[in-house]
Amino acid sequence: MTEPMPYAEAVAEFEPVIGLEVHVELGTESKMFCSCPTAFGAEPNTQVCPVCLGLPGSMPVMNGAAIESIIRMGLALNCSVVDWCRMARKNYFYPDMPKDYQVSQYDEPICVDGYLDVTVTTDDGPRVFRVEIERVHMEEDTGKLTHAGGATGRIHGADYSLVDYNRAGIPLVEIVTKPVTGTGALAPEVARAYVTELRDIMRGLGVSDVKMEEGSLRCDANVSLNRPGDEWGTRSETKNVNSLRSVERAVRSEIERQAGVLAAGGRVVQETRHFHEDTGQTTPGRSKEQAEDYRYFPEPDLVPIAPDPAWVEQLRAALPEQPSVHRARLAEQWGIGDFEMATLVNAGVLGLVEETVAAGVAPDAARKWWAGELTRVANEREVEPGELGVTPADIGRVEELIATGSLNDKLARQVFEGIMAGEGSADEVVAARGLAVVSDDGALLAAIDEALAAQPDVAEKIKGGKVQAAGAIVGAVMKATRGQADAGKVRDLLLERLGVTE
Amino acid sequence: MSSAMESDLIHQSAATLAQAIAEGEVSSREVTQAHLDRIAAVDDRVHAFLYVDTEGALAAAEAVDSRRAAGEELGPLAGVPLALKDVLAMKGVPTTCGSRILEGWRPPYDATVVERLRAADVVILGKTNMDEFAMGSSTEHSAYGPTHNPWDLDRIPGGSGGGSAAAVAAFEAPLAIGTDTGGSIRQPAAVTGTVGVKPTYGGVSRFGLVALASSLDQAGPCTRTVMDAALLHAAIGGHDPRDSTSIPDAMPDVVAAAQQADVRGMRIGLVRELSGEGYQAGVEQRFREAVQVLEHLGAEVVEVSCPIFDYALGAYYLILPSECSSNLARFDGMRYGLRVGDDGERSVEEVMSLTREAGFGAEVKRRIMLGTYALSSGYYDAYYGQAQKVRTLIQRDFDAAFAQCDVLVSPTAPTTAFKLGEKVDDPLAMYLNDVATIPVNLAGNCAMSLPVGLAPEDSLPVGLQIMAPAMADDRLYRVGSALEGALQDRWGHLLIEEAPAL
């Protein structure tokens, strides 16, 4: 295997072309073709019926709410909604598919030709890229296979495999971009910004809970490289990209890998690749050199879909505020500029900040925690900020404690650390760790006297009017109280003790 | 009730039996037992049934009797026994579709047709034999051995619904349900001297009908009289929200049409392409005589041409295998029915393959292979695509013909019943049995076959086919009932009464 090329070199030598296929699991009450419930996490095979089990003789009936959702999604992505289309059968044998065909859409997708503008932050300020959307179509989800035994975690080599059909027949929407060119070194950021924006739109529409960790939003990233002026290269398709952060890492890693292959005179193989969260690398999966023949044909068990144009217009009129408009409004309310807003979006914390502000926290404080400390920890731990275990309510409580003087910022960070470690609520962590600003004058005065005794020369300087020298004593007191004192108060007490005024 | 009837319950029409049960002259239990006795007496020679549900049938009959005793008003077929083609799911009762691959499968649900039969208090005696997955015209492709024609036990009863037709012809049941994809109700009716109706596509729910070709399949009545067919058609027909292709409009009143039995002023078209070469002389002769009867009854007979009908068989044998290759994919040994080769070592693919190898018969494999090929990338347009165009042209031929005529007529099948074994190794000869019935399935309209005499050369029944426009099923009954009445007047009895005693 050839060595990957360092990223900066790779994007200096090659131009990446990316394409993204995003699957969104709709949050409809019932499945796509039957009335089975769709809630996540039920006991295996308890949300099934003859239809979603594909029992002989059973027939699908289209869920009207799913059609409405997909049309609203298409409209929100600036797509045209076709006036007539059909479902198609995608034929292949696999035990997670009850019918051994998947009801999907082939050459007649319901929404076509849209776009989404996404913003990425660069050293030169925010840049907007238009990602064109080729199609938005619907299909049914498959069951979920669990392979027991064996080394690979795949069906080959497993001792046995278990199938849970609860997921089979849940409506899925696939959103496919056109090839995105001209992003250069920003390709990974554009990919991430696109999926983030898409997630925010879907969330705003209320069509899905878009949780990447539960698989209700899944992304496949296509990447190819070419030298400037050359034709596009052969693409790989990376699957198993289960977080926003992974979208960016997967694209970056593929660029580095493919550049290494090409620079060594090799050939990129058309294949699916699996992304590994732990290593940040992709490994080869199924080859797509021999295209599989799915023998698509129109699904004869379902009548064509012909959305009434007047209804489509009603849905368009009732769409919620677009995220970009929404962000502009928030920026104005919070008094921040484009750069600050782009930072929040790219860190994936805008929604969290918004929820935190809604929980009563001042916008600056909410931004400070999410974009600062919590994003830092999330990056360190390689998770999304929302997965840290800190809730908007926790931030609200910590801010209250800061406002009453019980905590300072340093202690607050320790409180968050405790919350993230699963030690309970803010108050529980404060109590358990004994985190509180020391405000007992007696205890502080004792610490001050101790510090003064330890540094008599400094004490003399302060007495002599060099007030700026007080910092050394304050520092010693803070150290002695393990940061639990209020530094301002220590200084006041110190000066008072020495009879010095500023 | 007359004592003659009491001693001869099995030779009565369903309408007569229902009336006698309603009036308390005989119990449903007695009627049911009489038919169970008949089955016990003759079915070892006829082999119309794959499964006789003695307990279930008697329990259902007793339930009807006690409801009648309680003074409940019952429907027009209440208490009358019926034989169900083994292609319809019936809760708890083995459903094999004539295939080894479904051996042992008991559906956990009822087909809509079965639900409606139960709601009409019809007593279901059991499941009838058929060509495997309804592929064939002789029942010789049943994995459980052929059914024999009650007129001559060495001859075929037609197919695929030979079991249902033979059960009715052998007086094992006054009513049966068949399914018709290319003639599987009508051709067996023709060769057994019984009545069979293929309703308008979408007129009877397909939910629970194990699909052969989804865009062609339709369940319908098999009876000895036109009125019985109308009563059964009315009981099972009408909109079903569980079948997306079910027609929401109210179905025409077929019972009233059967009562009307008047063809005066109707224009009847003879389809030029459905006669002549390939049609047995005695079939043509009896057909022409029947047309003269219709003229005598006051109909105007004209000749029409439907030139595209010549391409119907070719188009049919692309569309049907294509859909069936996908519909039958689910029989993979993973969830129900047969599983072969699962020794703990073999892969999923091998077990699927071995199961299908062992579970499907030769004709099923032939059609799956044909369909898989026809849908393949690169061949789709030339085969499936072209066949769909032919289908549209056939619909236009019908439209043009129905612009001139109220109904069209033809012989139902080109020959009378042939010998068992005669064509089983010659698929093309077998396929030609359906040459006159297939156009209706492709166009989605409706047709009836009824007996019009015995061919002079072999003394075997000949069927006449009446074809009407979609959702004009009432015209079938109006014409069929008039013709049946006139022939009965001429012969002094129904044709079926000339069948040899078993």
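The values are calculated or read from the model by the stated rules, or taken from the named source; none is laboratory data. Owing to the predicted nature of the structure, the values given are computational and were not obtained by experimental measurement. Heads up, the Cβs are rebuilt from the backbone with ideal geometry, glycines too, and the neighbour counts pull from every protein chain shown.
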* Structure fact -> For the stretch A:378-411, the count of residues that are of a type in the set (A, V, I, L, M, F, W, C), modelled with pLDDT of 90 or more and more than 17 Å from the chain's Cα centre (by Cα) equals 3
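Restricting attention to the stretch A:71-92, which residues are in contact with a helix residue (DSSP H, G or I) (Cβ under 6 Å, 6 or more places away or on another chain) and not β-branched (Val, Ile, Thr)?
Within the stretch A:71-92, the subset in contact with a helix residue (DSSP H, G or I) (Cβ under 6 Å, 6 or more places away or on another chain) is A:71-72, A:75-76, A:81, A:89, A:91.
Passing the criteria: A:ARG72, A:LEU75, A:ALA76, A:ARG89, A:ASN91.
Give me a count of the residues in the stretch A:12-33 that are closer than 27 Å to A:ASP200 by Cβ, touching a residue at least 40 places away in the same chain (Cβ under 8 Å) and either out of contact with any strand residue (DSSP E or B) (no Cβ under 6 Å at 6 or more places or on another chain) or of a type in the set (S, T, N, Q) (or both).
Of the residues in the stretch A:12-33, 3 are closer than 27 Å to A:ASP200 by Cβ, touching a residue at least 40 places away in the same chain (Cβ under 8 Å) and either out of contact with any strand residue (DSSP E or B) (no Cβ under 6 Å at 6 or more places or on another chain) or of a type in the set (S, T, N, Q) (or both).
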* Contacts under 7 angstrom Cβ, first residue in the stretch B:54-73 being modelled with pLDDT of 95 or more and in a helix (DSSP H, G or I), partner buried (at least 16 other Cβ atoms within 10 Å of the Cβ) and of a type in the set (Ser, Thr, Tyr), 6 or more apart -> B:ALA57/B:THR32; B:LEU58/B:THR32; B:ALA61/B:SER28; B:ALA61/B:THR32; B:VAL64/B:SER28; B:ASP65/B:SER27; B:ASP65/B:SER28
* **Leading residue by the ranking (surrounded by the fewest Cβ atoms within 10 Å (Cβ to Cβ)) among those in the stretch B:322-346 that are at the interface with chain A (Cβ under 9 Å from one of its Cβ atoms) and part of a loop (DSSP other than H, G, I, E, B)** => B:GLY344
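To keep it simple, each residue is scored yes or no on (1) farther than 21 Å from B:ASP180 by Cβ; (2) buried (at least 24 other Cβ atoms within 10 Å of the Cβ).
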site	(1), (2)
B:PRO81	yes, yes
B:LEU84	no, yes
B:LYS91	yes, no
B:THR96	no, yes
B:ALA111	no, yes
B:GLU115	no, no
B:ARG118	yes, no
B:ASP121	yes, yes
* **Qualifying strands (runs of 3 or more DSSP E) (wholly inside the stretch A:56-129; at least 2 residues being closer than 21 Å to A:LYS144 by Cα and within 14 Å of chain B (Cβ to nearest Cβ))** => A:88-91, A:101-104
* Structure fact -> In the stretch B:370-381, anything modelled with pLDDT of 95 or more and more than 11 Å from every other protein chain (Cβ to nearest Cβ) is listed as B:LEU370
* Structure fact -> Of the conditions (1) more than 14 Å from chain A (Cβ to nearest Cβ); (2) buried (at least 24 other Cβ atoms within 10 Å of the Cβ), the single one that B:GLN395 does not satisfy is (2)
* To do: Find the residue count for the stretch A:274-298, including only residues that are out of contact with any helix residue (DSSP H, G or I) (no Cβ under 7 Å at 6 or more places or on another chain) and under 19 Å from A:GLU213 (Cα atoms).
  => 4
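Among the residues of the stretch A:350-377 satisfying the criterion of being in contact with a Lys or Arg (Cβ under 8 Å, 6 or more places away or on another chain) and buried (at least 21 other Cβ atoms within 10 Å of the Cβ), which is modelled with the highest pLDDT? Lay out the reasoning, then the answer.
Quick first cut of the stretch A:350-377, residues in contact with a Lys or Arg (Cβ under 8 Å, 6 or more places away or on another chain) only: A:350-351, A:353, A:373.
After this cut, where a residue has to be buried (at least 21 other Cβ atoms within 10 Å of the Cβ) as well, the list is A:350, A:353.
Values: A:LEU350: 90, A:VAL353: 94.
Here the residue is A:VAL353.
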* To do: Go through the stretch B:90-118 and count every residue that is within 14 Å of another protein chain (Cβ to nearest Cβ) and either in contact with a strand residue (DSSP E or B) (Cβ under 8 Å, 6 or more places away or on another chain) or of a type in the set (Val, Ile, Thr) (or both).
  => 11
* To do: Quick one: which residue in B:ASP249, B:ASP243 is under 25 Å from B:ASP474 (Cβ atoms), modelled with pLDDT of 95 or more, loosely packed, with under 14 Cβ neighbours inside 10 Å and among the acidic types (Asp, Glu)?
  => B:ASP249
* Taking the stretch B:294-321, which residues are assigned to a loop (DSSP other than H, G, I, E, B) and small (Gly, Ala, Ser)? -> B:GLY298, B:ALA299, B:SER305
* Pairs where the first residue, in the stretch B:405-434, is closer than 30 Å to B:GLU300 by Cα and the second is of a type in the set (D, E, K, R) and crowded, with 20+ Cβ neighbours inside 10 Å, C-beta under 7 Å, 6+ apart -> B:ASP406/B:ARG475; B:VAL407/B:ARG475; B:THR412/B:ARG186
* What are the residues in the stretch A:251-269 that are without any contact (Cβ under 8 Å) to a residue 40 or more places away in the chain and crowded, with 17+ Cβ neighbours inside 10 Å, if any? -> A:GLU254
* **Criterion violated by A:GLN258 - all others in (1) away from chain B (no Cβ under 14 Å); (2) out of contact with any Leu (no Cβ under 6 Å at 6 or more places or on another chain) satisfied** => (2)
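Whether any residue in the stretch B:273-291 is over 23 Å from B:VAL462 (Cβ atoms) and surrounded by fewer than 22 Cβ atoms within 10 Å (Cβ to Cβ) is what I want to check. If you could, list the steps in order and put the result at the bottom.
Just the residues of the stretch B:273-291 that are over 23 Å from B:VAL462 (Cβ atoms), to begin with: none.
No; the residues of the stretch B:273-291 include none that is over 23 Å from B:VAL462 (Cβ atoms) and surrounded by fewer than 22 Cβ atoms within 10 Å (Cβ to Cβ).
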* **Filter result (touching a Lys or Arg at 6+ places or on another chain (Cβ under 9 Å) and buried (at least 21 other Cβ atoms within 10 Å of the Cβ)) within the stretch A:19-30** => A:VAL22, A:VAL24, A:GLU25
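What are the residues in the stretch B:356-367 that are surrounded by 22 or more Cβ atoms within 10 Å (Cβ to Cβ) and assigned to a helix (DSSP H, G or I), if any? Walk me through how you get there before you give the answer.
Within the stretch B:356-367, the subset surrounded by 22 or more Cβ atoms within 10 Å (Cβ to Cβ) is B:359-360, B:364, B:367.
Selection gives B:GLY359, B:VAL364, B:ARG367.
Could you please let me know if B:LYS365 is charged (D, E, K, R), over 24 Å from B:ALA89 (Cα atoms) and more than 11 Å from chain A (Cβ to nearest Cβ)? Quick ask: steps written out before the conclusion?
On the way: charged (D, E, K, R): yes; over 24 Å from B:ALA89 (Cα atoms): no; more than 11 Å from chain A (Cβ to nearest Cβ): yes.
No, not satisfied.
Among the residues of the stretch A:197-241, how many are assigned to a strand (DSSP E or B) and of a type in the set (Ser, Thr, Tyr)? Don't jump to the end; show me each part of the working.
Initial filter on the stretch A:197-241 (assigned to a strand (DSSP E or B)): A:217-226, A:236-241.
Still in the running and of a type in the set (Ser, Thr, Tyr): A:224, A:236, A:238.
Going through the stretch A:197-241 one residue at a time, the tally reaches 3.
Name the single residue, out of those in the stretch A:59-84 being closer than 30 Å to B:ASP110 by Cα and touching a residue at least 24 places away in the same chain (Cβ under 8 Å), that is farthest from the chain's Cα centre (by Cα).
Applying the first criterion (closer than 30 Å to B:ASP110 by Cα) to the stretch A:59-84 yields A:59-67.
If we keep only those that are touching a residue at least 24 places away in the same chain (Cβ under 8 Å) as well, we get A:59-63, A:65-67.
Details: A:MET59: 37, A:PRO60: 34, A:VAL61: 34, A:MET62: 31, A:ASN63: 29, A:ALA65: 26, A:ALA66: 24, A:ILE67: 26 Å.
It comes out as A:MET59.
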* To do: Go through (1) away from chain B (no Cβ under 14 Å); (2) free of Cβ contacts under 8 Å to residues at least 60 places away in the same chain; (3) within 30 Å of A:VAL103 (Cα to Cα) one by one and return the number of the condition A:PRO300 breaks.
  => (1)
* Index of the failed condition, A:GLY41 passing every other in (1) in contact with a helix residue (DSSP H, G or I) (Cβ under 8 Å, 6 or more places away or on another chain); (2) small (Gly, Ala, Ser); (3) more than 14 Å from chain B (Cβ to nearest Cβ); (4) in a loop (DSSP other than H, G, I, E, B) -> (1)
* B:ARG116, sole failed condition from (1) part of a loop (DSSP other than H, G, I, E, B); (2) more than 20 Å from B:PHE49 (Cα to Cα) -> (1)
* Would you be able to say whether some residue in the stretch B:38-57 is over 30 Å from B:ILE156 (Cβ atoms) and either among the charged types (D, E, K, R) or surrounded by 17 or more Cβ atoms within 10 Å (Cβ to Cβ) (or both)? => yes
